[in-house]
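The values are calculated or read from the model by the stated rules, or taken from the named source; none is laboratory data. It should be emphasised that the depicted structure is a prediction, and the values quoted were computed from it without experimental measurement. Here the Cβ positions follow ideal geometry from the backbone for every residue, glycine too, while neighbour counts run over all protein chains shown. These area figures cover heavy atoms from the full protein model, side chains too; ligands, DNA and RNA do not enter into them. Shrake-Rupley method; radii C 1.70, N 1.55, O 1.52, S 1.80 Å.
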Amino acid sequence: MMTDSFPITVIDDVILQIQTKMVVKDAVNVNFGGNPAAEGGEDEGVEDKAEKVVDVIDAFRLQSLGPYDKKSALAWLKGYLKAVKEHLDTTAPERSAIFQERSSRWVKEVLLKRLGDFVFYSGPSFNVDGGLAMLAYEGDNVTPTVYLFKDGLVEEKC
């Protein structure tokens with residue numbers, strides 16, 4: 001759900017903060033070389049279906065789940081953070097306590113305090129039991145920031 005080609009900041013060794021940008025998608029500029037006006041025809045042109053999208057959301061085909069209310073967010077967080085902790089207990093026990101403490105602190109100090117500012121995204125399969133990308137506009141930024149739980153991702157070398 002992420003690549004290092006985007007600017008990533010690691011927060012407290014448990015949260016990945018990704019600064020996004022708006023990009024124009026599917027902009028088409030077609031020039032057939034003719035001059036319809038000189039040939040007595042009209043310039044029909046090509047209808048351009050360009051749209052502005054958030055680069056990270058588009059690149060990973062993330063699907064909006066919309067904002068969550070506190071009850072929905074807590075239900076997802078409880079199950080997801082528990083699953084990540086159990087995975088760490090078996091694969092990286094030294095990370096388990098760190099993850100539990102620091103992720104809980106970020107949830108309380110950032111996510112729940114600003115829950116109305118966040119929109120949640122899943123992967124293209126809509127698997128909400130897996131990790132969700134949490135997107136928020138911050139301050140005067142016109143582009144959102146995406147947050148992910150670092151230990152909920154599987155690193156792949158390319």
Can you tell me how many residues in segment 107-158 are hydrophobic (A, V, I, L, M, F, W, C) and open to solvent by 20 Å² or more (accessible area, probe 1.4 Å)?
-> 9
Looking at (1) assigned to a strand (DSSP E or B); (2) at pLDDT below 90; (3) of a type in the set (S, T, N, Q), which is the only condition N31 fails?
-> (1)
So which of D13, D4 ends up being modelled with pLDDT of 90 or more and part of a loop (DSSP other than H, G, I, E, B)?
-> D13
Flagged pairs (Cβ under 7 angstrom, 6 or more apart or on separate chains; first in segment 143-158, of a type in the set (A, V, I, L, M, F, W, C); second assigned to a helix (DSSP H, G or I)) are V146/V56; F149/V84; F149/S103
Can you tell me which residue within segment 51-82, out of those that are of a type in the set (A, V, I, L, M) and touching a residue at least 60 places away in the same chain (Cβ under 8 Å), is most open to solvent (accessible area, probe 1.4 Å)?
-> L65
